[in-house]
Amino acid sequence: MKSELMLQPHFAEDRINENIYGHFAEHLGRCIYEGIWVGEDSTIPNTGGIRNDVVQALREIEIPVLRWPGGCFADEYHWKDGVGPRDERKRTVNTHWGEVIEPHQFGTHEFFKLCDLIGAKPYICGNVGSGTPREMADWIEYITFSGDSSLARQRRKNGREEPWELPYFGVGNENWGCGGEMRAEYYADLYRRYGTYVRQFGESDIYKIACGASGDDYHWTQVLMERAAARMDGLSLHYYTTPRDDWESKGAATGFSEKEWFTTLKATLFMEDLLKKHGTIMDRYDPKKRVGLIVDEWGAWYDVEPGTEPGFLYQQNTLRDALVAGINLNIFNNHADRVEMANIAQTVNVLQAPLLTREEELILTPTYHVFKLFTKHQGNRLVPLQLRTDNYNWGDEAIPALNASASVDEEGTVFLTLCNLAPEEETEVNVGFGGKDIGELSAEALTAGEMDAHNTFEEPERIKPVEFENMKVMESDLNISLPPKSVVVVEVA
Ligand code: AHR
């Protein structure tokens, strides 16, 4: 396969918002409990109840922002159940996710502690579906008010003197579905109403995010923009990749055929269409692009791992997921003018998880490695690129074999991330740098022999990035031979 890539680093303008590398952690399955929270008395090493190994791993991928507590859970979450002495907290039913008991050991204080430990900005999603505007207003006051109100006193009594900074707040989640089965027109009014009570006390400056569309529901975006754009800072979008077009039988996370490799990657590339089309609607009402598109749930969703609780959404994570992550992150970078945040679903043990735990053990998945490899894009300026590539064909269908994005940092170092989607063939890429000299070069690659190569607790390093040297400088161009089914990161000083 052959590809031509022309980069124009001298014309880089749009900044890649670091928040594109955000995460999402819900009270779902073993994400919060076991995955993050083990409690202070656990034999698993922890800081105030939060697993040290998970904190350490998350710090290394420099998570900029973390969304919590849901997801569907958010619209049934009543924050007061999760504050105060832990042994007096309520026990409620997690109706969406396996009807397990939610012990509320991890609540507001624990979430802010986690954000502190991993160095991420907090993004809280509020309850519109079953909560009241007053409950939402109280939560904001409890978190951000510095004065002497009863709620601020309660916060102090619960151990936090100073208010926290709350940079991002979501007004409901999937209110077209699990968040209340609403029509766009009805939710637009509720957004305006609830959003009014997301007060900004003193210096606090909360970026308000309205619940956005599911996939290609363009009507939702149109209605929200028309009726509420002036009152929001961001509008969300949720899109999950599945190998099959059948929600009841999505396809397995491992042991899949090449057909499902192809359909999964094709479905992933659909993100590009979504961003263009939702973006075009947003442009109509907001030509200056003030309102950010917030892709606050994305990732691969497969059938659960056999033998696990269906409501826990636990799945393995393979080289295919590395491609899903790489392609999505490249697409978000390339739409940096509108996409201000994206949050992979979900951080630990749920869906396309960067981390998997089993009691005291922790493994890093191929998705984790992609986040680590892409970290340097955070905050850089997006390099405009032109790509011509051969297709990867399956039957009578075709998708581009190469997917890419590039950015440049303050020192002029160009950072290029490439995905070769073809599972059996190398892709030769000729990269032009638009007049920039090619200085020092370094690269890493993530690949393996099998499409479903993955790490296990028995073999935790089966797949991990390795140094990559298969490239040659040819006058002012760089020629790179990408291995089949790989994610490759090249740094050019
Ligand atoms: O991430 C799992 C679920 O997917 C979330 O709770 C919900 O918002 C979405 O449907």
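The values are calculated or read from the model by the stated rules, or taken from the named source; none is laboratory data. Computed from a prediction, not measured in an experiment: that's the story for all the values here. Heads up, the Cβs are rebuilt from the backbone with ideal geometry, glycines too, and the neighbour counts pull from every protein chain shown. What goes into the accessible areas is simple: the full protein's heavy atoms, side chains included, and nothing from ligands, DNA or RNA. Shrake-Rupley method; radii C 1.70, N 1.55, O 1.52, S 1.80 Å.
At-a-glance table
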read-out	value
All-pairs Cα distance distribution in the stretch 351-444, expressed in whole percent, bin size 5 Å	2, 10, 17, 17, 18, 15, 10, 7, 3, 1, 0
Hz values of 3J(HN,Hα) by residue in the stretch 71-79 - Karplus curve (6.51, -1.76, 1.60), Gly and Pro given as x	x, 3, 4, 4, 7, 10, 8, 10, 4
Scattering profile of the chain at q = 0.13 Å⁻¹ [log10 I(q)/I(0), Debye over alpha-carbon scatterers]	-1.26
Positive dipole terminus of the chain, leading residue within Ala493, Gly212, His78 (C-beta point charges)	His78
Relative contact order computed over the chain (Cα-Cα under 8 Å; 6+ residues apart), in percent	20 percent
Residue-averaged 222 nm ellipticity for the chain, from DSSP H runs of 4+ at -39500 (n - 2.57), nearest 500	-7500 deg cm²/dmol
Cα gyration tensor category, rounded, prolate or oblate, for the stretch 17-100 with a/c compared to 1.5	oblate
Surrounding net charge for Ala253, when Lys and Arg each add one and Asp and Glu each subtract one, Cβ distance under 14 Å	-3
DSSP-defined beta bridges in the chain - what % are antiparallel, rounded to 5	60 percent
Solvent exposure, largest accessible area first (probe 1.4 Å, DNA, RNA and ligands not counted), of Glu424, Glu62	Glu424, Glu62
Cα gyration tensor category, rounded, prolate or oblate, for the stretch 356-404 with a/c compared to 1.5	oblate
Pairs of alpha carbons in the stretch 1-159 whose separation is greater than 20 Å (percent)	57 percent
The stretch 225-330: GluC sites (Glu not before Pro) in DSSP coil with no more than 15 other Cβ atoms inside 10 Å	Glu248
Selection of GluC sites (Glu not before Pro), the stretch 327-372, meeting DSSP coil and at most 16 other Cβ within 10 Å	Glu359, Glu360
Relative contact order computed over the stretch 1-142 (Cα-Cα under 8 Å; 6+ residues apart), in percent	24 percent
Helix runs (DSSP H) in the chain reaching 27 Å along axis by Cα, Kyte-Doolittle at least -1.0	258-285
Calculated over the stretch 383-436: convex hull of Cα atoms, volume per residue (Å³)	81 Å³
Antiparallel DSSP beta bridges within the stretch 270-428, percent to nearest 5	75 percent
Exposure of Met341 as accessible area (Å², to 10), given a probe of 1.4 Å and all protein chains	0 Å²
Accessible area (Å², per residue) of the stretch 409-462, counting only protein heavy atoms and a probe of 1.4 Å	45 Å²
Apportionment of accessible area to carbon and sulfur, the chain, percent (1.4 Å)	45 percent
In the stretch 263-297, trypsin sites (Lys or Arg not before Pro) in a DSSP loop with at most 15 other beta-carbon atoms within 10 Å	Lys288, Lys289, Arg290
Relative contact order of the stretch 344-493, pairs being alpha-carbon contacts under 8 Å that are 6 or more residues apart, as %	25 percent
Total formal charge among the other residues, if their Cβ is under 14 angstrom from that of His78, Lys/Arg +1 and Asp/Glu -1	-1
Cysteines without a disulfide-compatible neighbour (Cβ-Cβ under 4.7 Å), the chain	Cys31, Cys115, Cys125, Cys211, Cys419
